[in-house]
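This report concerns only the one structure given below.
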């Protein structure tokens, strides 16, 4: 008789949680997904009931549909290259129904607390007060829902007479009509919001804390992320080639009045925008340096210039948080958590983190590969390296990240799309060999069902 598979819980039915759910269900696991909202899709659900989504009305994806689709379920061919949020949300709905796993999702059920017992069994306390037990826990709660405000706050912000808001609260540009708007940031959200504001506001100012490389959505008639990026070629060579291409095709950011990046291409997350440079060159978006302070109804910038402002939008990123864990048990201070290949915790063999990375590309195929990796492990088909070796590789990855990327809380979980998949596939092959040597034993015993019955 085959050994009993562990019982698995997944927190979150966004793009990462649903692909893990599908894979685990296909491989015969007793798996349940807990979702705080009344629908799937997470960050891609506009006006999501759980109030955690950062989706705004006119949002389009900035990676192409071909590169963001799951490997075994293509996006509809009639979708545009860069779909709207509602099309992406519909795709996730169809994915869940196509693979028949909707009944495994517990909607409007929030996990208030997750505690690991001495026997390794997880006890999940739900928002209704009931408790359920599982042998393994998959964390897929996302990392674009807990806003990070400027730290420290700008001088004068407590007495500012206008509206201060984080990009997470931005829904549509209607309320910006005829107002003076300052948008702080150089990432994708900042560019989108500045562009949308520029069509309705009296004045739109884009304040930059640092320079960034800006890519269009198309290069040579194809979506930008279709350019070949072979991970077998040393990064330094690829970096020089892409930076030369970007400069030749677009020019430099400073040619458009934007600050010069303090890094080479690929050393910070680039910004994808097909419209911001057009709005800047038309004078509809005015570029400013970083905010120095807020003063009454004005904003002063670091170059000493001042503008009237009715609204200041902070596009300053997000904090990585796990509200269901005790902070002294599992947390990510300064957005850092040490994980093997961004998934396995070296000290806790039955907790896994999916989608907790910031790729140069879409997260969905990466989360799909991660979910299959976890399923292989729980089913005995993959054995990780030793705890010492995992920690050594975590330290190496951290050192490489710190060497390559600009020091920032934004770059603690950064990966390259193709490189990550390449190295993950290689690790899975190595782990499969280790598992065969160990007799494909199940690493996580199935105890939760018995514990649940005893408690009942």
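Just a few scattered comments:
- So residue 26, is it over 18 Å from residue 362 (Cα atoms) and more than 19 Å from the chain's Cα centre (by Cα): yes
- Tally of residues being over 26 Å from residue 403 (Cα atoms) and out of contact with any helix residue (DSSP H, G or I) (no Cβ under 9 Å at 6 or more places or on another chain) across the stretch 225-254: 2
- Residue, surrounded by the fewest Cβ atoms within 10 Å (Cβ to Cβ), within the stretch 306-325, restricted to residues that are touching a strand residue (DSSP E or B) at 6+ places or on another chain (Cβ under 7 Å) and outside any strand (DSSP E or B): 321
- Condition met for residue 268 (part of a strand (DSSP E or B) and either under 23 Å from residue 254 (Cα atoms) or not assigned by TED's automatic domain parsing to the domain that holds residue 66 (or both)): no
- When 174, 178 are checked against the criterion of being part of a helix (DSSP H, G or I) and surrounded by fewer than 16 Cβ atoms within 10 Å (Cβ to Cβ), a single residue qualifies: 174.
- Across the stretch 360-383, the qualifying residues are those that are outside any helix (DSSP H, G or I) and over 19 Å from the mean Cα position of the chain (by Cα), and the one among them that is farthest from residue 92 (Cα to Cα) is 383.
- Within the stretch 18-36, the set of residues being outside any strand (DSSP E or B) and buried (at least 17 other Cβ atoms within 10 Å of the Cβ) comprises 18, 19, 20, 21, 22, 23, 24, 25, 29, 35, 36.
- Candidates in the stretch 220-229 are the residues that are farther than 15 Å from residue 359 by Cβ and modelled with pLDDT of 80 or more; of these, the one that is surrounded by the fewest Cβ atoms within 10 Å (Cβ to Cβ) is 221.
Residues checked against (1) surrounded by fewer than 21 Cβ atoms within 10 Å (Cβ to Cβ); (2) free of Cβ contacts under 8 Å to residues at least 40 places away in the same chain; (3) within 23 Å of residue 73 (Cα to Cα):
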site: 327; (1), (2), (3): yes, yes, no
site: 330; (1), (2), (3): yes, yes, no
site: 345; (1), (2), (3): yes, yes, no
site: 350; (1), (2), (3): no, no, no
site: 356; (1), (2), (3): no, no, yes
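- In the stretch 37-73, the qualifying residues are those that are under 15 Å from residue 226 (Cβ atoms) and assigned to a loop (DSSP other than H, G, I, E, B), and the one that is modelled with the highest pLDDT is 69.
- Residue match in the stretch 384-403 (condition: farther than 26 Å from residue 72 by Cβ, within 15 Å of the chain's Cα centre (by Cα) and not in a loop (DSSP other than H, G, I, E, B)): no
- Selection of the stretch 197-215 for residues being more than 21 Å from the chain's Cα centre (by Cα) and assigned to a loop (DSSP other than H, G, I, E, B) yields 199, 200, 201, 202, 208, 209, 210, 211.
- Hey, residue 328 part of a helix (DSSP H, G or I) and not assigned by TED's automatic domain parsing to the domain that holds residue 182 or not: no
The values are calculated or read from the model by the stated rules, or taken from the named source; none is laboratory data. Not measured: the values here are computed from a predicted model. Backbone-built Cβ (ideal geometry, glycine too); neighbour counts: all protein chains shown.
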